[in-house]
Each structure stands twice: as C-alpha cells, then as structure tokens.
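First the structure, in the form of structure tokens, and then the observations on it.
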Amino acid sequence: MFTKTSQRGDGPVPGHEPVERALAPVRSGVNQAGSLISAELKIVGNLDSNGDLRVDGTVEGDIASRSLTVGEGARIDGSIAAETVQINGTVSGHIKGGSVIIARTARVTGDVTYVTLAVEEGGVLEGQCRRAETNNVAKLRAPAMPKPAEQAAGH
C-alpha cells in the first residue's frame, strides 16, 4: 500500500517493506461510544438519536435520544426527551426523562417531567416539576419534534 522511495525516485528503498494496515470493522451495538457535539459546534435544528448523546456546544432545537449529557459550558434552547438526562450546563425548554439529574453547575428554565429527579445543591431549576407514571417511560423517549412526513403534511 505505502512504500518509501529513494530520494532519486527510482524505486523502493532497500530494506523497507510496504506498509499495509487493515481497517478495524465497524461494529454496531450497545458498547459503542455515543455522539458528541463539541464545544466549538453550534447546531440549529432538531436532533434525534437512538443512542447516547453528549452536548458540549450549543443546540438551538429539540433533542430526542436514549440518553443525554449536557456539559458544563453547553447551552440548549429547546425541548429534551430522553430516558436518562444529566444536565451540567444551561437548558431553556421542557425536559421529559425517566431519570433527570440537574447538577450543581446546571441552570434549567422550563418544566420537567420525570420518573426520578435529582437536583444537586447549587443547581438551578426554574419551572414546574411533574412526576410521570413509571409505565410511561417509553413514551418519554418519543421524539419531541414532528416527523418529516408530518411537517410536509402541515400537521
């Protein structure tokens, strides 16, 4: 695949073997790392993921995922729907989650619907809290935004 040529360009350098590397197969499964929105990235639009998501940047839109972690410097302006939600940054919008943790560095402005809720000392929550029924956890994960077909139909 790659070989080193002599500086004269007349062929391979003696004693140097071609370098070939096989790419590791891509595996789908539960053990894969989640998606990351880095601190330098700003997303304008909705995010929908069946996996884990970490936001360290800015999202202006709704987020639906299996689990969501909002980093300390992150900002989300929109609704969140996830089975587990860990907030360390700033969120403005409705949160629906099975397990919701609002850390000491978090600032949440909006209503929270939860099965379990923890607010660490120093964490700020401005909004109403509503406990969901345990058997409705699957519905909490339902996307917070309309499907593309619904948008096209004007619903």
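Descriptive notes on the structure:
- Restricting the range 121-145 to residues that are at pLDDT 95 or above and assigned to a loop (DSSP other than H, G, I, E, B) leaves a set whose member that is nearest to the chain's Cα centre (by Cα) is GLY123.
- Exactly one residue out of GLY71, GLY57, GLY97 is closer than 19 Å to GLY34 by Cα, modelled with pLDDT of 95 or more, touching a helix residue (DSSP H, G or I) at 6+ places or on another chain (Cβ under 7 Å) and not aromatic (Phe, Trp, Tyr), and it is GLY97.
- Spans of strands (runs of 3 or more DSSP E) in the range 38-120 with at least 2 residues crowded, with 19+ Cβ neighbours inside 10 Å: 52-55, 58-60, 63-70, 80-87, 90-92, 95-102, 112-119
The values are calculated or read from the model by the stated rules, or taken from the named source; none is laboratory data. Given the structure is predicted, the values throughout are model-derived calculations rather than measurements. Here Cβ is always computed from backbone atoms with ideal geometry, including for glycine, and neighbour counts include all displayed protein chains.
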